[in-house]
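No lab work stands behind these numbers, since they all come straight from the coordinates. Since this is a predicted model, take the numbers as computed values, not measurements.
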Amino acid sequence: ADFRLLRINRRNVMMSNLRAAVATLFFALPSTGFAQDGTILVIASHPVIDYEQWRTVYDGFADEQRAGGVLEEEVLRDIENPNMVYVLHRFTDVAAANAYFASPVLQAGMKDAGVAGPPTIAIVRSAD
């Protein structure tokens, strides 16, 4: 029972971190960009073994991102755990996002980069 409680608490912390990332993004976006153009935003969070190693691989993945339909991207790091990253990707639609995240090339890249666990993914659209 204690192990189950620990898993529930860990999930609550991860969801709190994800909500904080969404709120940060909301306040950081210009009021005329994302909110007005009908695109969707994917927020993926996951731990990495070593941020610098992960970032080197991530930065080298720009061509694959563009080919996969990523319009814009941004990386955020957790303040308390700098090896927990939040990656924001903007796409034209959900189908493009799903295809990108299902890509074997992306899966291999995540493994090579040292992603330490499965990502938590939220797909959101402006409420306005």
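Just a few scattered comments:
- If the segment from residue 105 to residue 72 were pulled out straight at 0.36 nm per residue, it would be longer than the present Cα-Cα gap by 10.0 nm.
- Here segment 35-85 has an Rg and Dmax of 12.7, 37 Å, counting Cα atoms alone.
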